[in-house]
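Worksheet for the structure shown next.
Only the coordinates and a few stated rules stand behind these numbers; no lab work does. Keep in mind that what you see is a predicted model, and the values were worked out from it rather than measured. When we count neighbours, we look across all protein chains shown, and the Cβ atoms used for this are built from the backbone with ideal geometry, even at glycine.
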Amino acid sequence: MKTIFLVKHSKGALGLRLFGLGPNLKPTKGLVKLQQLLHRNAFWAKGRTINDLRKCLANSDVIISIWSNNEPVGFGRALSDGIYRGVLWDIVIDQNHQGKGYGKMIVKNILESKQIKNTKKIYLMTTSKKLFYSQIDFKEVSSQSLLIREI
């Protein structure tokens, strides 16, 4: 029987980042498994190294993951100044677990977190999931332009 766990990681996800801890703080090689989840399910996250994942987690304010037994099947994170602006990043659900409400669970838990809940504007970027995010009250904005600088 598969058990589903929603994990609200502490800021910076110390246990996941340094020790690979999964649900119930058990060692599961969680960071390697997170890397694999991202690689398999997000074209924009292919090639992320373990060291880069450690750094991005260390600098994230809110980190949520969903596990089926000892395998991550969902992930999301956010950054915020706590009042004016917040950004959702890396919302990913394993393709074999989509349609089960896990994406909404992750976004809902991020939006209800103490670091994000009073933030006036929450931003996100999506390539192909506009319909999904519109169901959670995100709206497309035509009055602003996305600008990007890559190094």
*What are the residues in the stretch 21-37 that are closer than 12 Å to residue 92 by Cβ, in contact with a Leu (Cβ under 8 Å, 6 or more places away or on another chain) and among the aliphatic types (A, V, I, L, M), if any?*
34
*Got at least one residue in the stretch 134-149 being within 22 Å of residue 82 (Cα to Cα), among the hydroxyl-bearing types (Ser, Thr, Tyr), surrounded by 10 or more Cβ atoms within 10 Å (Cβ to Cβ) and without any contact (Cβ under 8 Å) to a residue 60 or more places away in the chain?*
no
_Options 88, 37: the member that is touching a Pro at 6+ places or on another chain (Cβ under 8 Å), under 21 Å from residue 128 (Cα atoms) and either of a type outside the set (Phe, Trp, Tyr) or surrounded by fewer than 19 Cβ atoms within 10 Å (Cβ to Cβ) (or both)_ = 37
*Say we look at the stretch 51-69 and pick out the residues that are within 12 Å of the chain's Cα centre (by Cα) and polar (S, T, N, Q); which of these is surrounded by the fewest Cβ atoms within 10 Å (Cβ to Cβ)?*
60
*Any chance residue 2 is farther than 21 Å from residue 133 by Cα, in a helix (DSSP H, G or I) and of a type in the set (D, E, K, R)*: no
